[in-house]
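Presented below is the structure to which this report refers.
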Amino acid sequence: MSSYTELEAQELREDGGPPPGGPARVRGRSPFQLAWARFRRDRLAVASLGVLALIVLFAVLAPLWARWTGHPYDATFPKTGLDPDGQPRGPSGEFWLGADQLGRDVLVRAAYGARISLVVGILAALLASVVGTLVGVLSGYVGGALDTLLARLMDMTLALPYLLVAILLATTFQISSVGASLTMTILVIAFFSFAAFGRIIRGQVLSLKQKEFVEAARSLGASNTRIMLVDVLPNLVAQVTVLTSLLIPTSIVFEATLSFLGVGVRLPMPSWGSMLGEGSDVFQTAWWLLAVPGVLLLLTTLSFNLLGDGIRDALDPRGDRSGGRR
Amino acid sequence: MTRFVIRRLLYAVVVLWLVSTLVFVFLHISPVPVERVIGGPRATTDTLEQIRRNLGLDEPVLVQYWEFLKRLLRGDLGASYINGTPVATLIADRLPTTVWLVVGAGILWFVGGVVTGVLSATRARSVADRAATVFVLIGLSTPPFVMALVLLYLFATRLGEAGFRFFEAGPPLQEHFLQRMILPWIALAFLMIAAYTRLTRGAMLDVLGEDYVRTARAKGLSRRRVVYRHGLRAALTPVVTQFGIDLGALIGSTIVTEKVFGLQGVGQLVYQSIALGDTPVIIGVTLVVTLFVIVANLLVDVGYSFLDPRVRLS
């Protein structure tokens, strides 16, 4: 815990202390400001935020890459993209990051794939955190039969072989449109993520419920709904933020895995996972089909993980750092 | 104790029943007509009707559900739509490969994770600890299938061209067993080694901060003895618990590794069945794998209640 006291001391120093010859000026700072101040000092977290900003920019500008290169993401260019033997050509002035096995532009496809990864990763994590928080708070606060039911439901979800069930769902509903498969992928990922989330929140609520301020609120005549919304929920904000930010990289990997197996986001919409899946037959001669989506995927998940760790340290300086980096 | 085990067993049965019901429902709301899959695109209406009758699909849904449950109780998982082979036979043929894959990877990740975690905790803030932390971050951020593809590319393709035989593809499993399995083991274990390093390091640091550890040191015991006798033993309890759960769950996640390395395990069976629309096989594998997960969880729960009496009370 020594780092905390150091940090506190530093914060005090930064507040200026009493200026010479004048009374001490105390400036109040909100928890958010304090957290932001701590976050800014975490170089790795700030750097990963920068990397993520670049990836977002890369994704947002996808149509622009397509227009500049003159290569729409689903158009094939057999003449320029493939050599006379039908093998994809590597990075060149025409195809900056090479062409794939059908002569499509890897750069443009990677940019559209980034859109899928980010949208699915963030939406699925948000959905899972909303449902997980709701279930966790209800289960932990209300207790009784509802708690038994919800807790067992969460246990059961965790016991399901998620990859198999996801595949089963995807085959059962034989989705063929890109939009529907996107929604389906998000729902599947959220379904398999909310339980772990809810379990942690439930534990948290169980301990919050015993705290004096909840007892005080109750003795003042506050209703259960009010206690849940006004006393319990605000105390979960830090935990929920951290868990959600760490759920994003997991969701991105989940989507990539499903798409790699051909049961995630449907073709022709490119996703990093499906790019890796489609290219896996020609890696031997075309390393860029492995390197481009692979590196982008790794960079994105790594940055989100570092960002999540940074947010955790910033919001909860007393928290257990032994498990993290540092 | 007995009551606890009985309660957990009952719970396991309920979970299995729910999963099989869920699977049955999926099958019935699927918009893909089963008879089309079997009969092929050129089958006549009569043939399609005949297939439906043979499969009992013309019966009311509840009757079908009852038959489905009765078959399951007898351990009958049905037969493949494509070639009529019993699903149980198909799974039994493929299961050894998957089990070998999971067991080998499990040993690798448990030993790797615990050793790295302990070293990193006992030398906190050293260069080795920092290196381990970087490894953990990269390991936790690398999707397993990307790891598998990278290993395949580097060791099988590039070094294979240079004349090193790190990887042999294709059945049977007994031939060149190590060359066939070592890359898949590493690919499957990589992320888990990272996760277990983090878990062990955290648990070790927690335990080493306990009062009884200080007491043991104050008594004059050597640091080595305290770390390994008092510390490691207590720190391993949560790690072992997690290991049981993960090992069971991993059986269902080998699909990707098997596909990349061309191993003919249960995962490949499912993957191939998806392309063919062979629903009974998909259902069968899902149920068998769920059974594995449940049994693993059950063993962990019961084993844990032996170790820690507090669990039995909850």
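Quick notes
- The protein assembly as shown - charge dipole about Cα centre, Lys and Arg +1 at Cβ, Asp and Glu -1, debye rounded to 20: 2200
- With all protein chains modelled, accessible area of B:F177 [1.4 Å, Å²]: 60
- Taking the charge dipole of chain A about its Cα centre, with +1 at Lys and Arg Cβ atoms and -1 at Asp and Glu Cβ atoms, the residue from A:H71, A:T185, A:L206 reaching farthest to the positive side is A:L206.
- The tail of the calculated P(r) for segment B:96-138 beyond 17 Å holds 43 percent of all Cα-Cα pairs.
- Taking every alpha-carbon pair under 8 Å whose residues sit at least 6 apart, chain A reaches a relative contact order of 23 percent.
- 5 angstrom amide H check on B:A79, placed H, neighbours 5+ away: B:V87
- Heavy-atom accessible surface of the protein assembly as shown: percent carbon and sulfur, 1.4 Å: 65
- With the gyration tensor restricted to C-alpha atoms of chain B, the semi-axes of the equivalent ellipsoid amount to 45, 28, 14 Å, longest first.
- Convex hull volume per residue in cubic angstrom - Cα atoms of segment A:179-253: 100
- Calculated [θ] (222 nm, deg cm²/dmol) that DSSP helices of n ≥ 4 give over chain B, each run adding -39,500 (n - 2.57): -24000 deg cm²/dmol
- Taken as Cα centroids, segment B:43-59 and segment A:177-203 sit 37 Å apart, rounded to the nearest whole angstrom.
- Rounded to the nearest whole Hz, the Karplus-based 3J(HN,Hα) values (6.51 cos²θ - 1.76 cosθ + 1.60, θ = phi - 60°) of segment B:90-101 follow the sequence 4, 5, 4, 5, 8, 4, x, 4, 5, 5, 4, 4, with x at glycine and proline.
- Near B:L101, once Lys and Arg are set to +1 and Asp and Glu to -1 for all other residues with Cβ below 13 Å from its Cβ, the sum equals +2.
- Across segment A:228-235, computed HN-Hα scalar couplings (Karplus, 6.51 cos²θ - 1.76 cosθ + 1.60, θ = phi - 60°) run 4, 7, 8, 9, 7, 4, x, 6 Hz from first to last residue, x flagging Gly and Pro.
- Gyration tensor (Cα) of segment A:65-138, equivalent ellipsoid semi-axes in angstrom: 40, 11, 8
- Against chain B, whose longest principal axis comes from its Cα atoms, helix B:127-141 is set at around 10 degrees.
- Helix A:288-315 vs. chain A, principal-axis angle (Cα, 0 to 90°, nearest 10): 10
- Of the whole protein surface, B:E161 contributes about 130 Å² of accessible area at a 1.4 Å probe radius.
- Listed residues A:T69, B:T98, A:T76 arranged by accessible area, highest first, probe 1.4 Å: A:T76, A:T69, B:T98
- Percent of Cα-Cα distances greater than 26 Å, calculated over chain A: 59
- The mean number of Cβ atoms from other chains found within 10 Å of a Cβ in peptide A:256-263 is 4, as a whole number.
- Alpha-carbon Debye profile of the protein assembly as shown, log10 I(q)/I(0) at 0.06, 0.10 Å⁻¹: -0.39, -1.07
- Max-minus-min Cα coordinates of segment A:88-225 on each principal axis give 73, 33, 21 Å, with the largest extent listed first.
- Cβ charges +1 (Lys, Arg) and -1 (Asp, Glu), total dipole of chain A, debye: 760
- Whole-number Å³ per residue for the convex hull built on Cα positions in segment B:195-268: 95
- When chain A is described by a simple charge dipole with +1 on each Lys and Arg Cβ and -1 on each Asp and Glu Cβ, the residue from A:P293, A:G143, A:A128 located farthest towards its positive end is A:G143.
- Segment B:121-265, relative contact order [Cα under 8 Å, separation at least 6], %: 32
- Cα-centred dipole magnitude for chain B, charges only on beta-carbon of K, R (+1) and D, E (-1), debye, nearest 20: 1780
- Residue by residue, segment A:209-223 carries 3J(HN,Hα) couplings of 4, 7, 6, 4, 5, 6, 4, 4, 4, 5, 5, 7, x, 5, 6 Hz when phi is fed to the Karplus relation 6.51 cos²θ - 1.76 cosθ + 1.60 (θ = phi - 60°); x denotes Gly or Pro.
- Environment charge of A:L236, counting only residues whose C-beta is closer than 15 Å and scoring Lys/Arg +1, Asp/Glu -1: +3
- Nonlocal amide H pairs with A:V265, under 5 Å, H built at 1.01 Å: A:S259
- Contact residues in segment B:264-300 by the 50 Å² criterion (accessible area, 1.4 Å probe, full protein complex versus chain alone): B:I274, B:T286.
The values are calculated or read from the model by the stated rules, or taken from the named source; none is laboratory data. All values reported here derive from a predicted model rather than from experimental measurement. Every residue, glycine among them, receives a Cβ derived from its backbone with ideal geometry; neighbour counts consider all protein chains shown. Side chains are part of the model used for accessible areas, which takes the heavy atoms of the whole protein and leaves out ligands, DNA and RNA. Shrake-Rupley method; radii C 1.70, N 1.55, O 1.52, S 1.80 Å.
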